[in-house]
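What follows is calculated from the coordinates using simple rules that are stated; it is not laboratory data. Keep in mind it's a predicted model, so treat the numbers as computed, not measured. Methodologically, a virtual Cβ is constructed for each residue, glycine included, from the backbone with ideal geometry; neighbour enumeration extends over all protein chains shown.
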Amino acid sequence: MSRGKILISACLMGEKVRYDGQDNLITHPVIQGWQQAQRLLIICPEMAGGLPVPRAPAEQLGARVITCDGADVTAAFQRGAECARQLAQQQQVVMAILKARSPSCGVGQIYDGSFSRRLIAGDGVTAAALRQMGIKVFSELQLPEAIAWWQRRLRDEA
């Protein structure tokens, strides 16, 4: 039996933890199977970092995370990333599926900090921290690639 867990953004599992109190539920039979097999570890790094729901929208601006009204919430995002790192380390996480474009969970693309919905290359604070640990990180937009990676991993272990 394969060892290793999958970290997944809480909003993708239907938890109403987004900044606006909504979720980004994805329903996919493979995700449901992973959940039934108790492979998934569900976390919202922003809430783990101490931010409430609802909260002001935030975007990365360089190394900082700023809300639309100018508040610097970098420390909360860093705390959330550290919580995710600790959970990943304790639970032998090998892969993460995170919310696309989020300032904490974005994978490969994030908003540019101007609140104009302009995307730039980059990772969210938590995605970057997990990558630095050697964890394979995908967004929900890359779910087919994540499934294929997991299946290759299982074949390689056999």
For this session: Return the sequence-ordered ³J(HN,Hα) values of segment 25-38 in whole Hz as given by the Karplus equation 6.51 cos²θ - 1.76 cosθ + 1.60 applied to θ = phi - 60°, using x for Gly and Pro.
Result: 3, 10, 10, 8, x, 5, 4, 4, x, 4, 5, 5, 7, 6
Problem set entry | Given the chain, longest segment not containing exposed loop trypsin sites (Lys or Arg not before Pro) (DSSP; at most 11 other Cβ within 10 Å) | 4-116
Seminar exercise, completed: What helix-only [θ] at 222 nm does the chain give? Using -39500 (n - 2.57) per DSSP H run of at least 4, over all residues, to the nearest 500, the answer is -10000 deg cm²/dmol
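By the gyration tensor of its Cα atoms, with a ≥ b ≥ c the square roots of the eigenvalues, what is the shape of segment 52-111: rounded for a/c under 1.5, prolate for a/b over b/c, or oblate?
It comes out prolate by the Cα gyration axes.
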Exercise. Cross-link partners among aspartates and glutamates for Lys16, C-alpha distance below 16 Å, same-chain residues fewer than 8 apart left out?
Worked result: Glu46
Exercise. Based on DSSP, what percent of beta bridges with both residues in the chain are antiparallel, to the nearest 5?
Worked result: 40 percent
For this session: Give me the aspartates and glutamates in straight-line cross-link reach of Lys5: C-alpha distance below 18 Å, same-chain residues under 8 apart excluded.
Result: Glu82, Glu140, Glu145, Asp156, Glu157
Problem set entry | Rounded to 10°, Cα long-axis angle of helix 143-157 versus longest principal axis of the chain | 40 degrees
Exercise. What ranking of Tyr111, Tyr19 emerges when the number of other C-beta atoms within 10 Å of each C-beta is taken as an exposure proxy, fewest first?
Worked result: Tyr19, Tyr111
Exercise. How large are Rg and Dmax for segment 1-147 when only the alpha carbon atoms are used, in Å?
Worked result: 14.3, 49
Seminar exercise, completed: Footprinting proxy, Ile8, Ile42: sorted fewest to most Cβ within 10 Å, the residues are Ile42, Ile8
Problem set entry | segment 61-158 pair-distance distribution - Cα-Cα, 10 Å bins, rounded % | 16, 44, 28, 10, 2, 0
